[in-house]
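Here the structure is laid out as structure tokens; the discussion comes afterwards.
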Amino acid sequence: MKKYYLHNGTESSGPFDIEELKAKNITKTSPVWFDGMLHWKTAGEIPELNQLFTVNPPAFPLFETPELATKVETNKEARKILGLSKNAFLIVCATVVILIGISVLKTIEENRSRELKIKNHKTEIENYQLELKQKQLEEEKIQAVIQEQIDARRMATTKKETASNRLTKIEQLIVEYQNNLDETEKKLQKAAGFKLLRSASEKKKQMDFLQKNIDSYKNIINKLKNESDQLKLEMEKIPK
């Protein structure tokens, strides 16, 4: 059975059933509440209590009595949530929800922005390291080319010096063999005209020996001159 509570403006009383409310002589303006209601209501606003009002109440006064003002103010206070009216409370709740949503979205956006900055910074570092590596490789290639040029110059210089030394040695040998040739030719001329104490066979043997030496000297001189000419050609091809 449904139970009802009454309020006299200062305190509440109850619970009462319908029969007990009849004894209370409540009016339509009496504040009433029962389990399941959000706010206090006047008895006249509750359909099942209309049977209690068999007698018409007196005319409502043109002025507000202190007791009625207290009841109305109490009714208004009962309808408030956390000191706010229902509409104001809903507006505050909606505002709080919107602010929380904005804060969450802002946090998500800041996290995304932070992650993007970290990713971009990492990419910049990787690109910078790659650029440094490419520069290092280019510098190594340049150094390798320079070293090759230095080695080539060194080899050319060494080759040129070797050829020059050999050429000098050949020229000295040519002069030496040419002197031997000249001296041998003179001996051959003397041997051809000298007849004392020699037989014809001895003379011929001596002249053949000298002629053989002359031919050998000439052959060596020709080889040395050919080698000299070859060295000169090679030296001209060596880069400076």
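At a glance:
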read-out	value
Qualifying residue in segment 84-100 (condition: open to solvent by less than 100 Å² (accessible area, probe 1.4 Å), within 30 Å of His39 (Cβ to Cβ) and touching a helix residue (DSSP H, G or I) at 6+ places or on another chain (Cβ under 8 Å))	yes
Residue that is nearest to the chain's Cα centre (by Cα), among those in segment 152-191 that are among the small types (Gly, Ala, Ser) and under 23 Å from Ser228 (Cα atoms)	Ala156
Residue match in segment 192-215 (condition: over 38 Å from the mean Cα position of the chain (by Cα) and closer than 30 Å to Lys237 by Cβ)	no
Within segment 190-215, tally of residues that are surrounded by 11 or more Cβ atoms within 10 Å (Cβ to Cβ), at pLDDT below 90, of a type outside the set (D, E, K, R) and assigned to a helix (DSSP H, G or I)	5
Any hit, segment 165-179, residues being open to solvent by 90 Å² or more (accessible area, probe 1.4 Å), modelled with pLDDT of 90 or more and among the polar types (S, T, N, Q)	yes
Every pair of residues 6+ apart whose Cβ atoms lie under 8 Å, when the first sits in segment 8-19 and is part of a strand (DSSP E or B) while the second is hydroxyl-bearing (Ser, Thr, Tyr) and modelled with pLDDT of 85 or more	Ser12/Tyr5; Ser13/Tyr5; Gly14/Tyr4; Gly14/Tyr5; Pro15/Tyr4; Pro15/Tyr5; Phe16/Tyr4; Phe16/Tyr5
Subset of segment 93-115 [over 25 Å from Gly83 (Cα atoms) and either touching a residue at least 60 places away in the same chain (Cβ under 8 Å) or hydroxyl-bearing (Ser, Thr, Tyr) (or both)]	Ser103, Thr107, Ser113
Selection within segment 20-40 - touching a residue at least 24 places away in the same chain (Cβ under 8 Å) and basic (Lys, Arg)	Lys22, Lys28
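The values are calculated or read from the model by the stated rules, or taken from the named source; none is laboratory data. Note that this is a predicted model, so its numbers are computed, not measured. FYI the Cβ positions are ideal-geometry reconstructions off the backbone, even for glycines, and counts take in every protein chain you see. Heavy atoms of the whole protein, side chains included, go into the accessibility calculation; ligands, DNA and RNA do not. Shrake-Rupley method; radii C 1.70, N 1.55, O 1.52, S 1.80 Å.
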